[in-house]
Amino acid sequence: TQTASASVSIVVGGTSGNTPTLYAEKRVALFVDLGSPGIVDPGDTLRYTITVQNSGGAPATGVTLADAVPANTTYIADSTRLNGSPVGQPDGGVSPLASGINAGTVAPGTTSTLQFDLRVNAGTPAGTLISNQAVVRSLQLPNLLTDGDGNPATGPEPTVIVVGVGQQLSITKQVTVVGGGPVL
């Protein structure tokens, strides 16, 4: 099964505890698999989950989440849920995320979770990358983009999933102490 996740964190105003600190994670998973088992095919449904966590000392207010429907996909009507409850419905098959979803206030130590479904369009060729990136806005902080590589140090990057064959890139890293001995 293909899955992808992303995260990014941002700290504004230092560590005084008087500001929110938001962390946004975006994942995609193959939700309805109508074709090849465990492989994203045309007609399959992808479920996206965006989780926004406030680990700061103050609430983040006026929080909105916006996300365009990526190429080669179609939004599934009435699939958007915020913290488990339907939002922006009925939506007539137009993603309410295109204009932004109001998530209200994210209090310190809490999370807000948004889910929505997209269908991979018929005729999308194998090897096509479906790339998607959300924007989290609040009144206190600059815009926060979700990050697709799971490494906040590299900056924001879109969440990407491959149609057809599974992800074909694997990275391994080995560490060796020059001259031998334990790692100190």
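The values are calculated or read from the model by the stated rules, or taken from the named source; none is laboratory data. Bear in mind that the values here come from a model prediction, so they are computed numbers and not experimental data. So basically every Cβ, Gly included, is an ideal-geometry build from the backbone, and we count neighbours across all protein chains shown. Side chains are part of the model used for accessible areas, which takes the heavy atoms of the whole protein and leaves out ligands, DNA and RNA. Shrake-Rupley method; radii C 1.70, N 1.55, O 1.52, S 1.80 Å.
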Checked against (1) outside any strand (DSSP E or B); (2) surrounded by 19 or more Cβ atoms within 10 Å (Cβ to Cβ), PRO108 satisfies every condition except (2)
Which residue pairs have Cβ atoms closer than 7 Å, lie 6 or more positions apart in sequence or on different chains, and pair a first residue in the stretch 11-26 that is within 25 Å of ILE161 (Cα to Cα) with a second residue that is buried (at least 20 other Cβ atoms within 10 Å of the Cβ) and modelled with pLDDT under 50? ALA24/VAL8; GLU25/ALA6; LYS26/ALA6
Given (1) under 20 Å from ASN121 (Cβ atoms); (2) open to solvent by less than 50 Å² (accessible area, probe 1.4 Å); (3) modelled with pLDDT of 95 or more, ALA68 misses just (2)
Residues that are within 21 Å of VAL136 (Cβ to Cβ) and in contact with a strand residue (DSSP E or B) (Cβ under 7 Å, 6 or more places away or on another chain), drawn from the stretch 74-93: TYR75, SER79, THR80, ARG81, LEU82, ASN83, VAL87, GLY88
For residues that are in a loop (DSSP other than H, G, I, E, B) and in contact with a Gly (Cβ under 9 Å, 6 or more places away or on another chain), scanning just the stretch 129-148, find the one that is modelled with the lowest pLDDT. ASP147
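If you check GLY123, GLY164, which single one turns out to be out of contact with any strand residue (DSSP E or B) (no Cβ under 9 Å at 6 or more places or on another chain), surrounded by 15 or more Cβ atoms within 10 Å (Cβ to Cβ) and either at positive phi or outside any strand (DSSP E or B) (or both)? If you could, list the steps in order and put the result at the bottom.
Values: GLY123 fails: surrounded by 15 or more Cβ atoms within 10 Å (Cβ to Cβ).
None of the others qualify; the one that does is GLY164.
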Being over 20 Å from VAL163 (Cα atoms) and open to solvent by less than 50 Å² (accessible area, probe 1.4 Å) is the filter; apply it to the stretch 29-56 and report the residue that is farthest from the chain's Cα centre (by Cα). GLY56
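Does the stretch 41-51 hold any residues that are under 28 Å from ASN83 (Cα atoms) and either without any contact (Cβ under 8 Å) to a residue 40 or more places away in the chain or touching a Gly at 6+ places or on another chain (Cβ under 7 Å) (or both), and which are they? Write out each step before concluding.
We begin by selecting, within the stretch 41-51, every residue under 28 Å from ASN83 (Cα atoms); these are 43-51.
Across the stretch 41-51, the qualifying residues are GLY43, ASP44.
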